[in-house]
Amino acid sequence: MMDVKTLESQHIVQTYRRTPVVLVRGKGAHVWDENGREYLDLISGIGVCALGHAHEGLAAALAAQARELLHCSNLFYHPLQGQLAEQLAQLSGVPRAFFCNSGTEAVEACLKFARRYWHTRQDAGRTDIIALEGSFHGRTYGSLSVTFDEHYRTPFAPLLPHVRFIPRNDAARLREAASSSTAMIILEPIQGEGGVHPLTADFARAVSEVCAGTGALLITDEVQCGLGRTGRPFYFQKLGLKPQLVAIGKSLGAGVPMGAALIQEEVAQALSAGDHGSTFGGNLLACRAALFFLRELTDGGLLGHVSEVGAHLENQLRALAAKHSAIIEVRGAGLMWGLELNVDATAVFESAVRQGLLVNRTAGTVIRLLPPLTITPAELDRGITLLDAAFSEVMARVA
């Protein structure tokens, strides 16, 4: 039988730079490769596997649903979409949901719904979109159009017109950019792919003031920082923002592809049947996974757990930064952290893999950590020990 890497090289479109590790099994915060080597997983599928790997309760819920009904399309009702939408409304304060299959689809839906809102109001002058430098919202045409990095954008131009990028946390530039032509402002309350940059409270206040003054709709992209990742349901709540649309994904299905656009009533009332759709969106399997995850997040005490272990992780990371001069800043909240380095992060990432630790390099000089929300303090301590060893190995080579 041909090995995995060779087979992929012949038949898979080469759009990913994969780490040369073939993962075959997981349990909790640990995964194993095809050779039986164990790794501590502090990236959890880029924040997707919020309950860790092979969670017994989730597996049982999915198995039970698979024996009943997986999919019926959105031509019919089924019992789970309404339940899930209700729970998301209770967590977010945003009353309606559109279900899709990923975060980028959720962003795409938010952009479309915002456009539809202004079309319904017969305001043809509302054409402009404000987004932030450092943003990443996805790779479909709409979401890519509001993603900042030219590396992602340029090969696929022309993209959506009338998008203006301003520096994150720059209230003056925001006020300068906004006008009666601004249809929407889109932002990540904590930028993820851009290097784990939380927005400031001052900038959030400026966003609220600008939206109130111009009437622009606010879209918050909580695909990565939402759903308990920071120790609260959504980070926009900490910032005091009141978005009209919220994009979520990643951890929502705890590993099963699932996304949603959460929509305030005023925007939902502007939509009509046929304005948007998804064959797979909100299918029974994904909804069952999301319902199980949300139950663990709230009734299962995960939100409180993230706050506790997140504080522990922050302390450990700051101690690590004090030890290694290559770490020049520690940013994040809860179980979403970035270590800004004064060198390219590739060597540290590669060394971590050799140590048996899975993390992520993003924005060139940032080591990103998105461990499972179920991770224990002892596992985090082990992770810091391995990361310390990775930094020590790399710094010894350049000394």
Sorted by Cβ density within 10 Å, fewest first, the residues Val309, Val207, Val398: Val398, Val309, Val207
Under 5 Å, built H, 5+ apart or other chain: amide partners of Leu357: Leu40
On Cα atoms only, tilt of 103-120 relative to the major axis of the chain in degrees: 10 degrees
Cα centroid separation, the stretch 230-267 to the stretch 70-115 (Å): 11 Å
Mean separation of Cα contacts under 8 Å, 6 or more apart, over the residue count of the chain: relative contact order %: 21 percent
Degrees separating the helix 201-214 axis from the principal Cα axis of the chain, which is the longest one: 20 degrees
The chain: translational diffusion in µm²/s, Stokes-Einstein, Kirkwood Rh over Cα pairs, 4 °C, 1.567 mPa s: 59 µm²/s
Principal-axis tilt of helix 302-323 within the chain, Cα atoms, nearest 10 degrees: 60 degrees
Relative exposure of Arg229, Arg354, judged by other C-beta atoms within 10 Å (fewest first): Arg354, Arg229
For the chain, with +1 on Lys and Arg beta carbons and -1 on Asp and Glu, the positive-most of Gly57, Ala254, Ser135 along the dipole: Ser135
Among Gly103, Gly36, Gly310: highest mean-square fluctuation, GNM of the chain, C-alpha pairs under 10 Å: Gly36
Ranked Asp41, Asp3, Asp388, criterion: other C-beta atoms within 10 Å, fewest first: Asp3, Asp388, Asp41
Reachable aspartates and glutamates, given that their alpha-carbon falls under 16 Å from the alpha-carbon of Lys27 and they are not under 8 places away in the same chain: Glu38, Asp41, Glu56, Glu379
Dipole magnitude (debye, nearest 20) for the stretch 59-298, charges at Cβ of Lys, Arg, Asp, Glu: 220 debye
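Each value in this text was obtained by applying a stated rule to the coordinates, not by laboratory testing. Here the structure is a predicted model, which means the values were calculated and not measured. Glycine gets a Cβ as well: all are built from the backbone with ideal geometry, and neighbour counts include every protein chain shown.
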